[in-house]
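> Please see the structure below; I have some questions.
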Amino acid sequence: MSISLASHGLAAIAFLCLAALIAASYIRSRSRPAFLLLLASGLTLLWALGVCAESLVAEWPHRLSRLMELAKLVGWLLFLGELASRTVEKERAQQWRRIFLRALVAIVAAAAIVETIFVTAAPFELSSNAALLVSLSRIALTIIGFLLIENLIRNADSDSLWSLKFAIVAISAILTYDFVLYSSTLLLRDVDVDLFEARGVVVALTAPLLAVASARNRSWAVNIHVSRSAVFHTATLVGSGGYLLAMAATGYYLRIVGGVWGPLLQVAFLCAAVLVLLLTLFSGSVRARLRILIAQNFFSYRYDYRDEWLKFISTMSASEGRLSDRAIKAVARIVDSPAGALWVRRESEASYVPAGHWNLPVDAAFIPDDDSVVGYLRDSQRIINLPQFAADPASHEGLDLSSWLASLRRAWLVIPCLHRGELQGFIVLGTPRVTQRLDWEEYNLLRTVGLQVASYLAEEDALQALLDARQFEEFNRRFAFVVHDIKNLNSQLSLLLSNAAKHGGNPEFQRDVINTVRNSVEKMGTLLAQLKKAREAGPPEETSQPTVDLRPLLLRLSGPYGKGSTSFELALAEGNFRVAGSEERLSAMFAHLLQNAVDATNGAGQVTLRLFNDGQSIVTEVCDDGPGMDADFVRDELFRPLQTTKGEGFGIGAYQAREIARDHGGRLEVQTAPGAGTTMRVSLPRHDDGNEG
């Protein structure tokens, strides 16, 4: 394989990839710069293939290869002309394009005619006159290219030069090499074989530069996505490899010139070089510098926003550590800051308090709402750059630095966390590992993550407020239950008093009175103890499962009602009716159901209490022949807390009874209809202890 074939074959492969990439993007955008870049890349590909064909095909028409080379130069000049025209005013751009195209067409037409008529030999077989003609046309075209590049650099602003510099370097390399090659041919009247054969490699090296330039220029519509992580690790690998090669060469030199000590010097030097490399690779500041270098020179934007956002959300959503600590680290990581602190607003104290800090000691305990820094963050909603403020106070107009912030020696940035226009908090970041100049991209990203952090802080505050409200709700609910149970006890005692005049002399009634009063006192003591426990420890947890025999419990509860004016019927089956649960809570449930049944009959009706076993459940029914209820009332009103149809009621009894039944694994069902009375049916799981009930 000839050197020329390998060299220009490499150029053909490189520009084939570049042209394919640009073509895929041009289909979507149809922009003029993208089209001209595609044209120039395609003509360069054809030229490289033509030179390869000259090496492979003996009868290849050499005149065609030179026309391809001429077309390649024209393609790059057209692309340069388009870029240069975009740096001048629109009125001048059209005139500028016409003048440029006329000059280019004149030179190219003359060169094409001359080469087609007079030059027919292969590159290395040109006569002196033919070489003169070819060289003059190529030199003239490269000079036009240099003039275009000079105008482009002179008229473009700094931002445009940042995005164009790789393209300028690449095209300048192509034109400069052609200028050197044909200047040598013009002087020597002969083609330099080495320069000619190496030209393909030089042209191939420009393809990656053009790809990077394409990625930096949105108007070229070339969408190249290269992972920043891949570029970072590739750059690290290439740099490490180059370093090791250089150190190996130095070690080899020491071995040669060191004489007897040569091998020792070589081994010691290589070990020291490896240690230095490892320390460098694990250095946070070196890695930060490399990331900044790559972001500034290889990408249109410094940040891969998708990757940054995923990392931020992953850190904020993690379960380890406090939210404030995670927020500080998530924001600090974006700008390679090794320290930070977070202040959040406490409305009850009308100030901002430290919620967390990371490698940044915090002395200020409370920062009031009327603090100057807080006011600046709230009103301007801007990030405070402390080094910039120290160098140019006018950059932060209206900012008066507070003593607490000035005392933070390592403070660098103050980022507001705004939620619905209110300053939820702010983050102070420490000085980064590598000094860096922030631009609009960093400020926009930090402002955005500040908004997101504020939403997380607001959510945490709302959640904490909800938990506090639930604790109060639980206490209030238990208090309401206690009040309702006391009301039931009051009803029982009132019933005893109303029957005392009629049955006061009856010894059995007197025993019932004593038992009822004793049970009432014990019940009130238990209720107060439960209320105190709920206040101190929140919702109680069931630590054991005692069992209760419902038959004696119902007999005891129904005793006072049998002595009243209401006709009371007991239908309690014989046997063991044990259920797992709290005797106090079950007593409260059945006492409420019995009292409601008596109230429904207005003291002149029939109340029936039944107890039986239906297989898996123990069923208790409290029936009355009162007015009954309609289905809408049962569905919408009966079990709603604080809703009552009784003037002296609290509207909590039915709701409490249903909740107690559910807490014991059972259910409360209502069978009723207007004018047909009501049956409250409680089904509870039977407790199996090995005995049949």
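> Does segment 403-412 include one or more residues that are over 18 Å from residue 369 (Cα atoms), assigned by TED's automatic domain parsing to the domain that holds residue 373, of a type in the set (Ser, Thr, Tyr) and at pLDDT below 90?
The answer is yes, given that some residue of segment 403-412 is over 18 Å from residue 369 (Cα atoms), assigned by TED's automatic domain parsing to the domain that holds residue 373, of a type in the set (Ser, Thr, Tyr) and at pLDDT below 90.
> Checking the conditions here, which among 621, 669, 637 is touching a residue at least 24 places away in the same chain (Cβ under 8 Å) and among the acidic types (Asp, Glu)?
Exactly one of 621, 669, 637 is touching a residue at least 24 places away in the same chain (Cβ under 8 Å) and among the acidic types (Asp, Glu), namely 621.
Results for (1) touching a Leu at 6+ places or on another chain (Cβ under 9 Å); (2) among the small types (Gly, Ala, Ser); (3) part of a helix (DSSP H, G or I), shown as yes or no for each residue.
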{"site": "26", "(1), (2), (3)": "yes, no, yes"}
{"site": "42", "(1), (2), (3)": "no, yes, yes"}
{"site": "50", "(1), (2), (3)": "yes, yes, yes"}
{"site": "75", "(1), (2), (3)": "yes, yes, yes"}
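> Would you say residue 504 is in contact with a strand residue (DSSP E or B) (Cβ under 6 Å, 6 or more places away or on another chain) and modelled with pLDDT under 70?
no
> For residues in segment 602-637 being of a type in the set (Asp, Glu) and in a helix (DSSP H, G or I), which is surrounded by the most Cβ atoms within 10 Å (Cβ to Cβ)?
637
> Of all residues in segment 313-369, count the ones that are of a type outside the set (S, T, N, Q), free of Cβ contacts under 8 Å to residues at least 12 places away in the same chain and either farther than 27 Å from residue 434 by Cα or touching a helix residue (DSSP H, G or I) at 6+ places or on another chain (Cβ under 6 Å) (or both).
6
> For residue 63, only one of the following conditions fails: (1) buried (at least 19 other Cβ atoms within 10 Å of the Cβ); (2) within 17 Å of residue 136 (Cα to Cα). What is its number?
It is condition (1) that residue 63 fails.
> Taking the condition within 18 Å of residue 419 (Cα to Cα), buried (at least 18 other Cβ atoms within 10 Å of the Cβ) and touching a strand residue (DSSP E or B) at 6+ places or on another chain (Cβ under 9 Å), does residue 367 pass?
It is false that residue 367 is within 18 Å of residue 419 (Cα to Cα), buried (at least 18 other Cβ atoms within 10 Å of the Cβ) and touching a strand residue (DSSP E or B) at 6+ places or on another chain (Cβ under 9 Å).
> Considering segment 400-433 alone, what residues qualify as being among the basic types (Lys, Arg) and more than 10 Å from residue 337 (Cα to Cα)?
409, 410, 420
> Looking at residue 689, is it modelled with pLDDT under 90, among the charged types (D, E, K, R) and assigned by TED's automatic domain parsing to the domain that holds residue 555?
yes
> Of the numbered conditions (1) at pLDDT 70 or above; (2) surrounded by fewer than 19 Cβ atoms within 10 Å (Cβ to Cβ); (3) in contact with a Lys or Arg (Cβ under 7 Å, 6 or more places away or on another chain), residue 132 fails exactly one; give the number of that condition.
The single condition residue 132 does not satisfy is (1).
> So, one more: Of the numbered conditions (1) at pLDDT below 70; (2) hydrophobic (A, V, I, L, M, F, W, C); (3) in the same structural domain as residue 352 (by TED's automatic domain parsing), residue 481 fails exactly one; give the number of that condition.
(3)
The values are calculated or read from the model by the stated rules, or taken from the named source; none is laboratory data. Because the structure is predicted, anything quoted here is derived from the model rather than measured. Glycine gets a Cβ as well: all are built from the backbone with ideal geometry, and neighbour counts include every protein chain shown.
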